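Contents: one structure, followed by commentary.
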Amino acid sequence: MSTPVSSSRRVFFRTALGGAVLVPGLALHGESTLSAKGVGFAEPAQDLPHLKDADVIVCGAGPAGIAAAITAARAGARTRLFEVHGCLGGVWTAGLLTYIFDFDKPGLTRELVSKLDEREARRGKNPGHFVYEPEPMKLLLEEMCVEAGVQFQLHTRVAAAYRDGRRLTTIVTDSKAGREAWSASVFIDATGDGDLGAQAGCAWDVGQDKECPCQPMTMNALAVVKNAKTLGEYMSFYQDDSRHLEAVEAFKGELKRAGIETSYGDPTLFHVRDDLVMLMINHEYNIKAFDAAQITAATVRSRKEVNRVVLGLRSLGGVWEGLQVAATAEQIGVRDGRRIHGRYTLTKDDLISGARQADGVARVTFGADIHAANVEKNKNDAVSHGGFKTKPYDIPLRALLAKDVDGLMMAGRCISGDFLAHASYRVTGNAVAMGEAAGVVAAIAAKSKRLPHEVEWSEGAALLAKMGQRV
């Protein structure tokens with residue numbers, strides 16, 4: 001059991017990967033020693049600024065984290081939100097995704113669609129999948145968080161987690177302000193890669209096994225063209241919701257004509273607005289989402305590939321004349337991160353049977369989307385669907401509740417599921433619905449002095465209905 005934090009001296013038990021390490025006392029800044037065994041580095045302990053002004057803390061401000069924080073705040077909880085990048089939205093904004101799947105759901109998804117339409121920031125009329133503009137999305141998410149009363153902090157990464165027995169009580173963040181400690185009644189891991197869950201000592205899975213193979217990463221990019229109307233045959237879903245495969249094949253033909261072979265076997269071009277397009281043309285294989293060195297190398301390779309491809313297409317002239325990279329993503333797109341063990345694990349069988357759950361918080365209609373695990377498979381089958389047909393199925397609240405740690409929920413890619421189920425529920429429409437559910441349950445738990453697993457989903461659904469949101 002951890003020692004209580006006092007204003008004069010703070011002593012924490014840090015729980016990481018199931019083990020507890022005592023971090024005592026106070027050391028002078030800059031003073032350090034090698035560990036007792038002479039291996040590694042013993043970081044000096046220090047007193048940290050410690051805030052206890054939140055009921056709910058959300059780590060990660062991607063689609064799931066945004067939904068969780070806004071919903072928790074609207075439900076009356078004092079809510080803090082931490083994000084490592086310089087904007088809210090995660091893969092939507094820092095990742096330049098621009099394309100949304102499985103978004104036709106009741107709740108916050110419809111509110112977002114309506115607000116994007118008010119700003120003329122969405123292309124297409126289909127509520128389930130469409131192209132949006134990243135810059136208006138950044139502004140919209142900031143305004144919604146401010147309006148809801150969410151206290152959010154950018155450029156801040158969760159760095160450590162501390163438990164009192166099974167219960168998560170405190171996290172430590174790293175930012176320009178240094179290391180700071182934050183306590184709350186309930187925490188939500190919306191980091192995508194399960195960073196908080198892992199730091200808190202939860203068991204987890206990744207890819208097909210701990211050493212992968214994982215689904216590949218992708219660097220998205222925005223480009224400016226001379227006249228987007230002349231590229232219609234090469235752009236997926238351009239003025240036609242059904243036209244994708246034909247556009248991919250036509251685009252591949254142009255790449256071949258330029259002597260280019262992309263690392264992604266189904267290179268895709270989307271129309272964002274006017275003469276702005278999005279390129280999704282590369283794959284980075286078997287990169288672990290929690291290995292900074294691997295991600296750095298993958299980012300450098302993929303950014304180089306994007307620019308090489310654009311230069312190659314521009315050399316063709318004609319409709320490609322003047323093609324120019326406007327921006328590459330700050331954040332490479334990750335498909336496979338940690339999946340934190342929950343009190344229910346979604347499996348392939350749930351997808352095949354179209355499982356219904358009494359505590360179902362979201363209904364998934366997106367099939368398994370499995371990108372090739374290596375270069376050879378990519379050449380013949382860039383994207384597969386697992387060899388089975390998916391029926392619409394429910395994500396239960398239990399899959400959002402950490403199994404090994406109390407007071408911790410997950411939302412988004414890092415919920416509890418197997419590799420094949422994850423390949424279906426990981427898209428951002430489902431992330432929003434999961435975040436909405438986690439946010440309302442976290443708020444109810446915090447305000448009623450219960451743990452999230454003690455809250456019935458019926459309570460969460462009733463409060464969402466009362467708030468005008470419905471999952």
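The values are calculated or read from the model by the stated rules, or taken from the named source; none is laboratory data. Since the model is a prediction, treat every value here as computed from it, not as a measurement. Ideal geometry is used to build each Cβ from the backbone, glycine not excepted, and the neighbour counts take in all protein chains shown.
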Inset, instruction - Scan region 187-216 for residues that are more than 27 Å from ARG166 (Cα to Cα) and surrounded by 24 or more Cβ atoms within 10 Å (Cβ to Cβ) and jot them down. - result: GLN215, PRO216
Inset, instruction - Inspect all residues belonging to region 314-337 and state whether any of them is farther than 30 Å from THR262 by Cβ and modelled with pLDDT of 95 or more. - result: no
Inset, instruction - Give the residue that is nearest to ALA250 (Cα to Cα), with candidates limited to residues of region 302-352 that are among the charged types (D, E, K, R) and touching a Gly at 6+ places or on another chain (Cβ under 8 Å). - result: ARG314
Inset, instruction - Return the residue satisfying two criteria in turn: it lies in region 121-152 and is basic (Lys, Arg) and part of a strand (DSSP E or B), and of such residues it is surrounded by the fewest Cβ atoms within 10 Å (Cβ to Cβ). - result: ARG123
Inset, instruction - Select, from THR328, THR347, THR390, the only residue that is surrounded by 18 or more Cβ atoms within 10 Å (Cβ to Cβ), closer than 18 Å to ILE415 by Cβ and of a type in the set (S, T, N, Q). - result: THR390
Inset, instruction - Would you please list the contacts, defined by Cβ atoms under 7 Å and residues six or more apart or on different chains, that run from a residue in region 323-342 that is touching a residue at least 12 places away in the same chain (Cβ under 8 Å) to a residue that is basic (Lys, Arg)? - result: LEU323/ARG314; THR328/ARG303; ARG335/ARG426; GLY337/ARG413; HIS341/LYS403; GLY342/ARG398; GLY342/LYS403
Inset, instruction - Quick one: ALA184 ticks every box in (1) modelled with pLDDT under 95; (2) crowded, with 23+ Cβ neighbours inside 10 Å; (3) closer than 27 Å to LEU408 by Cα except a single one, so which number is it? - result: (1)
Inset, instruction - Give just the number: which of (1) surrounded by 17 or more Cβ atoms within 10 Å (Cβ to Cβ); (2) touching a strand residue (DSSP E or B) at 6+ places or on another chain (Cβ under 9 Å); (3) assigned by TED's automatic domain parsing to the domain that holds GLU456 does SER353 not satisfy? - result: (1)
Legend entry - Matching option when the condition is closer than 12 Å to PHE237 by Cβ and touching a Pro at 6+ places or on another chain (Cβ under 9 Å), among THR109, THR98: THR98
Inset, instruction - Among the residues of region 102-114, write down those that are farther than 21 Å from LEU276 by Cα and of a type outside the set (Asp, Glu). - result: PHE103, LYS105, PRO106, GLY107, LEU108, THR109, ARG110, LEU112, SER114
Legend entry - Among (1) touching a Phe, Trp or Tyr at 6+ places or on another chain (Cβ under 7 Å); (2) in the same structural domain as ALA431 (by TED's automatic domain parsing); (3) among the small types (Gly, Ala, Ser) - the single one ALA250 does not satisfy: (2)
Inset, instruction - Considering every residue within region 80-89, establish whether at least one is modelled with pLDDT of 95 or more, more than 30 Å from VAL113 (Cα to Cα) and among the acidic types (Asp, Glu). - result: no
Inset, instruction - Scan (1) surrounded by fewer than 22 Cβ atoms within 10 Å (Cβ to Cβ); (2) at pLDDT 95 or above for the single condition ASN220 breaks and write down its number. - result: (1)
Inset, instruction - Hey, can you tell me all the residues within region 271-319 that are over 18 Å from the mean Cα position of the chain (by Cα), buried (at least 18 other Cβ atoms within 10 Å of the Cβ), hydrophobic (A, V, I, L, M, F, W, C) and assigned to a loop (DSSP other than H, G, I, E, B)? - result: ILE281
Legend entry - Residues located in region 154-192, provided they are closer than 16 Å to LEU401 by Cα and assigned to a loop (DSSP other than H, G, I, E, B): ARG166, SER185, ALA190, THR191, GLY192
Inset, instruction - For region 53-83, name all the residues that are part of a loop (DSSP other than H, G, I, E, B) and under 12 Å from the mean Cα position of the chain (by Cα). - result: GLY60, ALA61, GLY62, GLU83
Inset, instruction - Would you mind stating whether PHE251 is part of a loop (DSSP other than H, G, I, E, B), aromatic (Phe, Trp, Tyr) and in contact with a strand residue (DSSP E or B) (Cβ under 8 Å, 6 or more places away or on another chain)? - result: no
Legend entry - Whichever residue in region 420-471 is touching a Lys or Arg at 6+ places or on another chain (Cβ under 7 Å) and under 14 Å from ARG74 (Cα atoms) and, among such residues, is surrounded by the fewest Cβ atoms within 10 Å (Cβ to Cβ): MET467
Legend entry - Odd one out for CYS214 among (1) among the hydrophobic types (A, V, I, L, M, F, W, C); (2) outside any loop (DSSP other than H, G, I, E, B); (3) more than 14 Å from VAL58 (Cα to Cα): (2)
Inset, instruction - Would you point out the residue of region 193-211, among those that are at negative phi and in a loop (DSSP other than H, G, I, E, B), that is modelled with the lowest pLDDT? - result: GLU211
Legend entry - Condition check for ALA411: touching a residue at least 40 places away in the same chain (Cβ under 8 Å), of a type in the set (A, V, I, L, M) and surrounded by fewer than 18 Cβ atoms within 10 Å (Cβ to Cβ): no
